[in-house]
1. From the residues in the stretch 305-321 that are within 10 Å of the ligand (Cβ to nearest atom) and open to solvent by less than 40 Å² (accessible area, probe 1.4 Å), which one is farthest from Ala401 (Cα to Cα)?
2. Being open to solvent by less than 50 Å² (accessible area, probe 1.4 Å), of a type outside the set (Ser, Thr, Tyr), modelled with pLDDT of 95 or more and out of contact with any Lys or Arg (no Cβ under 8 Å at 6 or more places or on another chain) is the requirement here; does Leu302 meet it?
3. Being touching a Lys or Arg at 6+ places or on another chain (Cβ under 8 Å) and without any contact (Cβ under 8 Å) to a residue 12 or more places away in the chain is the filter here, so list the residues in the stretch 140-194 that pass it.
4. Within the stretch 181-203, can one find any residue that is away from the ligand (no atom under 16 Å from the Cβ) and part of a loop (DSSP other than H, G, I, E, B)?
5. Identify all residues within the stretch 280-299 that are within 13 Å of the ligand (Cβ to nearest atom) and either at pLDDT 95 or above or touching a helix residue (DSSP H, G or I) at 6+ places or on another chain (Cβ under 7 Å) (or both); write none if there are none.
6. Scan the stretch 364-387 for residues that are on the phi > 0 side of the Ramachandran plot and buried (at least 24 other Cβ atoms within 10 Å of the Cβ) and report the count.
7. Looking only at the stretch 351-374, how many residues end up being within 16 Å of the ligand (Cβ to nearest atom) and not β-branched (Val, Ile, Thr)?
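The values are calculated or read from the model by the stated rules, or taken from the named source; none is laboratory data. None of these values were measured; they are calculated from a predicted model. Backbone-built Cβ (ideal geometry, glycine too); neighbour counts: all protein chains shown. What goes into the accessible areas is simple: the full protein's heavy atoms, side chains included, and nothing from ligands, DNA or RNA. Shrake-Rupley method; radii C 1.70, N 1.55, O 1.52, S 1.80 Å.
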Amino acid sequence: MATDAGNPIPRFPADFLWGVSTSAHQIEGAAGEREPSVWDVFEAEPGRIKDGSTAAVACDHFHRHREDVALLAGLGVDAYRFSISWPRVNSPGGLDFYDRLVDDLIAAGVRPVPTLFHWDLPVTQDWLQRDTASRFAEYVSVVADRLGDRVKKWITLNEPAEHTLLGHALGAHAPGKELLFDALPVAHHQLLAHGLAVRALRAAGATDIGIANSHGPTWPASQEPEDIEAANFYDLLLNRLFAEPLILGEYPSGLGELMPGDVESDLKVIAEPIDWYGVNYYAPSRVGAPQGAEIEFGGLTLPAELPFSVREIEDVPVTDFGWPVVPEGLTELLTTFHDRYGDRLPPVVITENGCSYDGLDDQDRIAYLDGHVRALHGALAAGVDVRGYFVWSLLDNFEWAEGYERRFGLVHVDYETQARTPKASYGWFQGLLRAQRERAQG
Ligand code: GBH
């Protein structure tokens, strides 16, 4: 990979928000101390998780959060993005845990930035049912009433696109449904839940609300019309379906007609103004016309019925996960959004960016992050209003259907002993934060 690793990273605005991210189900463990979620059920089904593992213990963060807060303080981040588990809030002592976590973060000088839903749905809920959106908003009110005096920045949902696609269309994630295009109501109900949550948070006095959506540039496999058409369709699903209802107040390209309920009136709720737009970026996608047979891709088996096929991006390095490393894709993505939506695009925060590599001396992760931070600066220089950057992830953790084989952390976790060991990338990020702060002052 071509990097400027020797040169200092250009200066970001003094109030730029630097952070790291995690999610509840991937780190907390203590599964027996809360209500079950759809992930607990999914993990118990044979063959669902690659290494046969479960998240019952994970990083045992529920019992070790003080140690993890100390790692955050040592890293020197401004903010920590974690998620609140709805099934844990439903359980005795659940809110007390988040209450302590928030207090400990603030005492350590780290701003808490909770995500209210990161895929761990209570087993009593179902996104195919509209009612789940209303239940979500009630849960959000309970959390906001308890934490809103100290939590100032909120995220409603994490990647409703992945939760719809992987969880309900392809069945690779919980709840394991394989509905293909019949999963569209799951998208609509999550968007509705987002809008209702924004209203609930406003009612509790919140003034700084965003969402974390997964996006990436989509490149056609060739300039043949059928490849371009397939790539546009993929772009519609990944980059427009979950963005345009929020940003423009409408579904793209007639998709609204496929959604359940009174879509026009729901769109008024969905388009409730937000304060910033979170983007999770990992890699671009190369997409072409369907090839008529199932394809294995990025750990997934994509069915033949899809109107597109995902191809390999050649001649770039790949992570241990096999994902292509394309930092310029981040600049391209953000400038495309800026061009598409102009003034209607809220300020952007990168809510996740990271990679899976093994090893403590993770120079490959440093190269990945270094390249992406520079690419982000490129987007700023091109006029995109970017306000923050969060690395995925603080810790190695339970990587969903991949189990524990994929390691995304700046900190290594030994799952036998629960020992935390900062990797080389932890030191690199610490240095970046220090340098940005010194230059902001000097
Ligand atoms: C996020 O999902 C999740 O929010 C987080 O919980 C998770 O741990 C993290 O990322 C790492 O997976 O076309 O081969 O390049 C992001 C999921 C990332 C899945 C990009 C598809 C493209 C694979 N997506 N990825 S490839």
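1. Here the residue is Ile313.
2. Details: open to solvent by less than 50 Å² (accessible area, probe 1.4 Å): yes; of a type outside the set (Ser, Thr, Tyr): yes; modelled with pLDDT of 95 or more: no; out of contact with any Lys or Arg (no Cβ under 8 Å at 6 or more places or on another chain): yes.
For Leu302, the condition - open to solvent by less than 50 Å² (accessible area, probe 1.4 Å), of a type outside the set (Ser, Thr, Tyr), modelled with pLDDT of 95 or more and out of contact with any Lys or Arg (no Cβ under 8 Å at 6 or more places or on another chain) - is not met.
3. The one that is touching a Lys or Arg at 6+ places or on another chain (Cβ under 8 Å) and without any contact (Cβ under 8 Å) to a residue 12 or more places away in the chain: Gly171.
4. The answer is no, given that none of the residues of the stretch 181-203 is away from the ligand (no atom under 16 Å from the Cβ) and part of a loop (DSSP other than H, G, I, E, B).
5. Answer for the stretch 280-299, where residues must be within 13 Å of the ligand (Cβ to nearest atom) and either at pLDDT 95 or above or touching a helix residue (DSSP H, G or I) at 6+ places or on another chain (Cβ under 7 Å) (or both): Asn280, Tyr281, Tyr282, Ala283, Pro284, Ser285, Arg286, Val287, Gly299.
6. 0
7. First, the residues of the stretch 351-374 that are within 16 Å of the ligand (Cβ to nearest atom): 351-358, 362, 364-365, 368-369, 371-372.
Restricting the remaining residues to those that are not β-branched (Val, Ile, Thr) gives 352-358, 362, 364-365, 368-369, 371-372.
Number of matching residues: 14.
Okay, residues lined up against (1) more than 16 Å from the ligand (Cβ to nearest atom); (2) open to solvent by less than 50 Å² (accessible area, probe 1.4 Å); (3) under 22 Å from the mean Cα position of the chain (by Cα):
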{"residue": "Leu17", "(1), (2), (3)": "yes, yes, yes"}
{"residue": "Ala24", "(1), (2), (3)": "no, yes, yes"}
{"residue": "Ile49", "(1), (2), (3)": "no, yes, yes"}
{"residue": "Ala55", "(1), (2), (3)": "no, yes, yes"}
{"residue": "Arg64", "(1), (2), (3)": "yes, no, no"}
{"residue": "Val77", "(1), (2), (3)": "yes, yes, yes"}
{"residue": "Arg88", "(1), (2), (3)": "yes, yes, yes"}
